[in-house]
Amino acid sequence: MTSDTLLETPGNLFVVAAPSGAGKSSLVKALLELDSHLSVSVSHTTRAPRGQEQDGREYWFISAPTFQDMVDRGEFLEWAEVHGNRYGTSRKGIESRLQAGEDIVLEIDYQGALQIKRLFPHAILIFILPPSWQELEQRLRRRGEDQPEVIAQRMVNAREEVAQARHFDFVIINALFETALFDLKTVVHSQRLKYAAQLRARSGVFQALDLA
Ligand SMILES: Nc1nc2c(ncn2[C@@H]2O[C@H](COP(=O)(O)OP(=O)(O)O)[C@@H](O)[C@H]2O)c(=O)[nH]1
Ligand SMILES: Nc1ncnc2c1ncn2[C@@H]1O[C@H](COP(=O)(O)OP(=O)(O)O)[C@@H](O)[C@H]1O
């Protein structure tokens with residue numbers, strides 16, 4: 001990463017991906033409660049809402065034709081088909097929020113994460129791993145939101161998803177929740193420090209000392 005790419009926007013962009021059930025949503029939710037400078041982008045999806053999910057909170061739930069219209073109009077920064085449904089990050093707001101210095105987290109799959117890295121080379125890609133396959137399956141069952149065949153499909157897809165972790169900047173193992181949350185906070189915090197250091201490196205003091 002070069003300093004120029006880091007300074008592309010004043011806001012930091014974090015992308016968190018994981019196989020279904022690894023704990024990504026729980027970790028991001030806990031992180032947002034602790035960090036008022038971070039906000040999450042709400043994706044659009046053609047998937048039906050689960051139990052307590054609300055339109056505009058977890059996702060914008062839209063029909064397949066509406067999703068296609070948005071694709072055709074170029075309204076997504078990235079989109080992908082995951083577990084038989086389509087999911088996308090709306091362009092609206094993201095670029096302007098980053099330019100305004102806001103930090104944003106995207107909770108998306110690996111295909112979307114890799115698209116975002118191409119668009120925003122300074123984005124920080126974080127992959128969350130479960131401690132074992134057995135624990136992953138247990139978490140999907142305990143969550144109690146998906147039918148057995150949906151869980152089976154997600155376990156099959158998880159093998160392919162986990163193989164993509166090597167393309168990410170950081171890999172966090174979510175065995176103990178509090179430890180994984182601490183790791184996630186540390187990544188966010190260190191990225192902010194790095195950015196602040198880049199700004200200082202361009203400041204008058206560094207220029208005057210021939211350190212820039
Ligand atoms: N590419 C992309 N993937 C997304 C987006 N929103 C959610 N996803 C991913 O779609 C997958 C399925 O999400 P979901 O149906 O909520 O299931 P869960 O991960 O088991 O909670 C997960 O890997 C999400 O990270 C998006 O905007 N773009
Ligand atoms: N470290 C952990 N230990 C045990 N259970 C966890 C842990 N992290 C998350 N969970 C539980 O696992 C289930 C799946 O978590 P969730 O955040 O919905 O995953 P994802 O968003 O990755 O699909 C939830 O019931 C959640 O409470």
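Numbers at a glance
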| quantity | calculated |
| --- | --- |
| Residue that is nearest to the chain's Cα centre (by Cα), among those in region 52-101 that are among the hydrophobic types (A, V, I, L, M, F, W, C) and away from ligand 1 (no atom under 13 Å from the Cβ) | LEU98 |
| Test set (1) closer than 18 Å to SER25 by Cβ; (2) surrounded by fewer than 19 Cβ atoms within 10 Å (Cβ to Cβ) - LEU140 fails condition number | (2) |
| Pairs, first in contact (Cβ under 8 Å) with a residue 24 or more places away in the chain and under 14 Å from ALA113 (Cβ atoms) in region 69-80, second of a type outside the set (Lys, Arg) and part of a loop (DSSP other than H, G, I, E, B), C-beta under 8 Å, six or more apart | GLU78/ILE108; ALA80/ILE108; ALA80/ASP109 |
| Filter result for PHE168 (surrounded by fewer than 17 Cβ atoms within 10 Å (Cβ to Cβ) and within 15 Å of ligand 2 (Cβ to nearest atom)) | no |
| Residue ID - farthest from ligand 2 (Cβ to nearest atom), chosen from residues in region 84-102 that are crowded, with 21+ Cβ neighbours inside 10 Å and either of a type outside the set (Phe, Trp, Tyr) or not in a strand (DSSP E or B) (or both) | ILE94 |
| Test: residue in region 109-121 that is at pLDDT below 95 and touching a helix residue (DSSP H, G or I) at 6+ places or on another chain (Cβ under 9 Å) | yes |
| Number of the exception - ALA158 against (1) more than 11 Å from ligand 1 (Cβ to nearest atom); (2) within 18 Å of the chain's Cα centre (by Cα) | (1) |
| For LYS24: the one exception among (1) surrounded by fewer than 16 Cβ atoms within 10 Å (Cβ to Cβ); (2) closer than 23 Å to LYS117 by Cα; (3) within 12 Å of ligand 2 (Cβ to nearest atom); (4) touching a residue at least 60 places away in the same chain (Cβ under 8 Å) | (1) |
| Those residues of region 129-140 which are within 12 Å of ligand 1 (Cβ to nearest atom) and either charged (D, E, K, R) or at pLDDT below 95 (or both), in sequence order | ARG139 |
| Residues satisfying the stated conditions in region 90-121, i.e. closer than 21 Å to ASP35 by Cβ and among the hydroxyl-bearing types (Ser, Thr, Tyr) | SER96 |
| From the options ILE126, ILE173, residue that is within 14 Å of ligand 1 (Cβ to nearest atom) and of a type outside the set (Ser, Thr, Tyr) | ILE126 |
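Condition check ((1) among the basic types (Lys, Arg); (2) over 24 Å from VAL171 (Cα atoms); (3) out of contact with any strand residue (DSSP E or B) (no Cβ under 7 Å at 6 or more places or on another chain)) across all residues:
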position	(1), (2), (3)
GLY74	no, yes, yes
GLY84	no, yes, yes
LYS92	yes, yes, yes
ALA100	no, yes, yes
GLN111	no, no, no
ILE116	no, no, no
PHE120	no, no, no
ALA123	no, no, no
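The values are calculated or read from the model by the stated rules, or taken from the named source; none is laboratory data. Fair warning: this is a prediction, and the values are worked out from it, not measured in the lab. Here the Cβ is made from the backbone with ideal geometry for all residues, glycine too, and neighbour counts use every protein chain on show.
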